[in-house]
Amino acid sequence: MKYAHLIKLTVFSYENENIDLALASFLRFFPFDLEGNKVVLGKTNATGFNEKKITIFEVKLTKNNLINQFLQNLLENLDKHQKNTILNQIDSRLDKNLDFFLRFDKSSWVNEKKLILTDSGKCFHLKISIAAFPKKREIALNVINNLFYEK
């Protein structure tokens, strides 16, 4: 089953953080070699408040095989409580374009290798463009339910 057309993951790394640790944690989301699969790891430098330097890492996945591997890895790293929270908040996380948004606490993933949903703070931003045929909200909600429902 095709769950998504596109997956986009981003994280901001601030100048007072260990950038190598942030990058290693970011790459842990991907159960495959990015370079070997010709996936571009985007790296952008920006300046934040008070002239603080920020490095933004971004990956976009469009190949169905890689999307499925990514989603499988994601599901394996979410506990039942986190999946239930996602399903309970499903309506507010899906926009009118059928893009589904999740944020994961950066500190928990970096330090404990545990995915914890968050709505604020330093986090990994995940955007999943849901594959719904025809492109209707009800169908997209069913796709998300099928993906996150604990069997």
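Below is a table of values for the structure above.
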{"item": "Every pair of residues 6+ apart whose Cβ atoms lie under 7 Å, when the first sits in the stretch 6-20 and is under 16 Å from residue 115 (Cβ atoms) while the second is among the aliphatic types (A, V, I, L, M)", "result": "7/61; 7/67; 7/128; 9/59; 9/126; 10/56; 11/22"}
{"item": "Residues of the stretch 92-151 that turn out to be in contact with a Ser or Thr (Cβ under 6 Å, 6 or more places away or on another chain) and either in contact (Cβ under 8 Å) with a residue 60 or more places away in the chain or charged (D, E, K, R) (or both), as a count", "result": "7"}
{"item": "Residue list for the stretch 87-98, filter: out of contact with any Leu (no Cβ under 7 Å at 6 or more places or on another chain) and either part of a helix (DSSP H, G or I) or open to solvent by 20 Å² or more (accessible area, probe 1.4 Å) (or both)", "result": "87, 88, 89, 91, 92, 95, 96, 97"}
{"item": "Extreme residue, farthest from residue 111 (Cα to Cα), among residues of the stretch 13-46 that are outside any helix (DSSP H, G or I) and open to solvent by 80 Å² or more (accessible area, probe 1.4 Å)", "result": "38"}
{"item": "Only one of 82, 69 that is in contact (Cβ under 8 Å) with a residue 12 or more places away in the chain, surrounded by 14 or more Cβ atoms within 10 Å (Cβ to Cβ) and farther than 15 Å from residue 7 by Cβ", "result": "82"}
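The values are calculated or read from the model by the stated rules, or taken from the named source; none is laboratory data. As the structure is a computational prediction, the values presented were derived from the model and not from experiment. Cβ atoms come from the backbone with ideal geometry, glycine included; neighbour counts cover every protein chain shown. Each accessible area value is taken on the protein alone, full model and side chains, heavy atoms only, with ligands, DNA and RNA left out. Shrake-Rupley method; radii C 1.70, N 1.55, O 1.52, S 1.80 Å.
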